[in-house]
Amino acid sequence: MHIDVFSAFRETADRNGILFYYSGSLSQNVIGAMGDALKQRLESQDAKGTTSRKLFSSFIEMVQNAIHYSPDDPDSKGDKVGSIAVGKHEEKYFIMCGNLVQKQHVARIREKLEPLKSMSLDEIKQAYRAQLKTDNTKDDAVSKGAGLGFLTLARDSTEPIEYALLDAPGHENELSCFYLKAII
């Protein structure tokens, strides 16, 4: 990478309010270190207790989602790979993540996320409580929480969560890029 490209990257991140960014292996050790760094960064931003808790919870949900759905990365000894960013725009924080998913998971992910875009907060809370009472393995043998993480994100967000599933360049037949955004 050339210095001018890195400089443009940093300037773009600053201009867009990025407080924390990581892209790479998502091993448990890396996640722990990222969590500690994020907590310190939020403290330096004077993030309030509830906001900080929701941001950290959303961070964990997104990283766990990337770990669960991402295919193994052969270059990193089987670890999962993803990107995550936390930023602030005006008085609200945002958290975004991106990772690869196998095409076979795309329909199920859309099925879980699409209804959340039009649900009220009360409906999301009701769905969350109902999901806690169900046997998650009956409806979705792949997803450990059968959408509970997405419901947690939607419950903690101040706006509807956003997502995109795009063909992965060079792997259009096998993989999609999954992006997820929550505003806290």
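A few remarks follow.
- Counting the residues of segment 1-46 that are within 16 Å of LYS88 (Cβ to Cβ), β-branched (Val, Ile, Thr) and surrounded by fewer than 12 Cβ atoms within 10 Å (Cβ to Cβ) gives 1.
- Odd one out for HIS105, checked against (1) under 23 Å from ILE183 (Cβ atoms); (2) at pLDDT below 95: (1)
- Some residue of segment 1-11 being in contact (Cβ under 8 Å) with a residue 12 or more places away in the chain, hydrophobic (A, V, I, L, M, F, W, C) and out of contact with any helix residue (DSSP H, G or I) (no Cβ under 6 Å at 6 or more places or on another chain): no
- Residue list for segment 134-175, filter: over 18 Å from ALA85 (Cβ atoms), of a type in the set (S, T, N, Q) and either surrounded by fewer than 17 Cβ atoms within 10 Å (Cβ to Cβ) or at pLDDT 95 or above (or both): THR134, ASN136, THR137, ASN173
- So ILE67, is it part of a helix (DSSP H, G or I) and within 29 Å of GLY147 (Cβ to Cβ): yes
- Among residues of segment 156-171 that are farther than 12 Å from ILE95 by Cα, those with a Cβ under 8 angstrom from a residue that is among the acidic types (Asp, Glu), sequence gap 6+ or separate chain, pair up as ALA168/GLU174.
- Leading residue by the ranking (nearest to the chain's Cα centre (by Cα)) among those in segment 4-58 that are basic (Lys, Arg) and under 16 Å from MET96 (Cβ atoms): LYS54
- Residue count, segment 8-42 (criterion: part of a helix (DSSP H, G or I) and closer than 30 Å to ASP72 by Cβ): 15
- In this structure, ASP122 does not satisfy being in contact with an Asp or Glu (Cβ under 7 Å, 6 or more places away or on another chain) and not hydroxyl-bearing (Ser, Thr, Tyr).
- ASP72 being among the acidic types (Asp, Glu) and in a loop (DSSP other than H, G, I, E, B): yes
- Options HIS68, HIS89: the member that is of a type outside the set (D, E, K, R) and either surrounded by 14 or more Cβ atoms within 10 Å (Cβ to Cβ) or touching a Ser or Thr at 6+ places or on another chain (Cβ under 8 Å) (or both): HIS68
The values are calculated or read from the model by the stated rules, or taken from the named source; none is laboratory data. Not measured: the values here are computed from a predicted model. Cβ: placed from backbone, ideal geometry, glycine included. Neighbour counts: every protein chain shown.
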